[in-house]
């Protein structure tokens, strides 16, 4: 069985998989118990499985665990806590941007990646960065307001 080592939410982790192409999402959820990233479409089109790999937003359903070997992976569980949420999480709470919550972790992670690159992202930049994250509940406007709030820009 192939063995892979990487850092998940700041902690060194080692996992074994049956195949080299095992999706990172399955390892995170099934082996490491980190269920914040969701299985949505399995095709990298909905964004529910978005995590950060070395600070970059990736679709973990499409990334083989072998590609994460030796790298840093951050999931929604690694951002903040209920007592001290990450600023993006706090903005999403303030704007009540999640309804069912299925897409929320992926949207938050994509927003965190954008704001790490561009802390004062414009409305158009936020819209472009989140275009691939689908929300079936229709909270798009609240999501946009939350992302803009996280930039320090008035929503």
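We did not get these values from a lab; they are worked out from the coordinates using the rules stated. Treat the numbers as computed from the prediction; the structure is a model and nothing was measured. Because the Cβ atoms are built from the backbone with ideal geometry, glycine has one as well, and the counts that use them run over all protein chains shown.
Sum -39500 (n - 2.57) across every DSSP H segment of at least 4 residues in the chain, then divide by the residue count to get the 222 nm mean residue ellipticity, nearest 500.
After summing the helix terms and dividing by the residues of the chain, the value is -8500 deg cm²/dmol.
So for 62, 1, 109, fewest C-beta neighbours within 10 Å to most, what's the order?
1, 62, 109
May I ask for the distance between the Cα centers of segment 94-155 and segment 2-73, given as a whole number of Å?
Result: 22 Å between the Cα centres.
Remind me, relative contact order of segment 3-78 in percent, using alpha carbon pairs under 8 angstrom and six or more residues apart?
40 percent
Sorting 60, 5 on the 10 Å Cβ count, fewest up front, what's the list?
Final ranking by Cβ density, sparse to dense: 5, 60.
Angle, helix 140-151 long axis vs. longest principal axis of the chain, Cα atoms, 0 to 90°, nearest 10?
The angle comes out at about 90 degrees.
For residue 41 and residue 12, calculate 0.36 nm times their separation in residues minus their Cα-Cα distance, and state this gained length in nm to one decimal.
Between residue 41 and residue 12, full extension yields 7.6 nm more.
With contacts defined as alpha carbon pairs under 8 Å and 6 or more residues apart, what's the relative contact order of the chain in percent?
23 percent
Which angle between 0 and 90 degrees, to the nearest 10, do you get for helix 104-117 versus the longest principal axis of the chain when only C-alpha atoms count?
Value to nearest ten degrees: 80.
List 102, 4 from most exposed to least, where exposure is judged by having the fewest other Cβ atoms within 10 Å.
Ranked by crowding around the Cβ, least crowded first: 102, 4.
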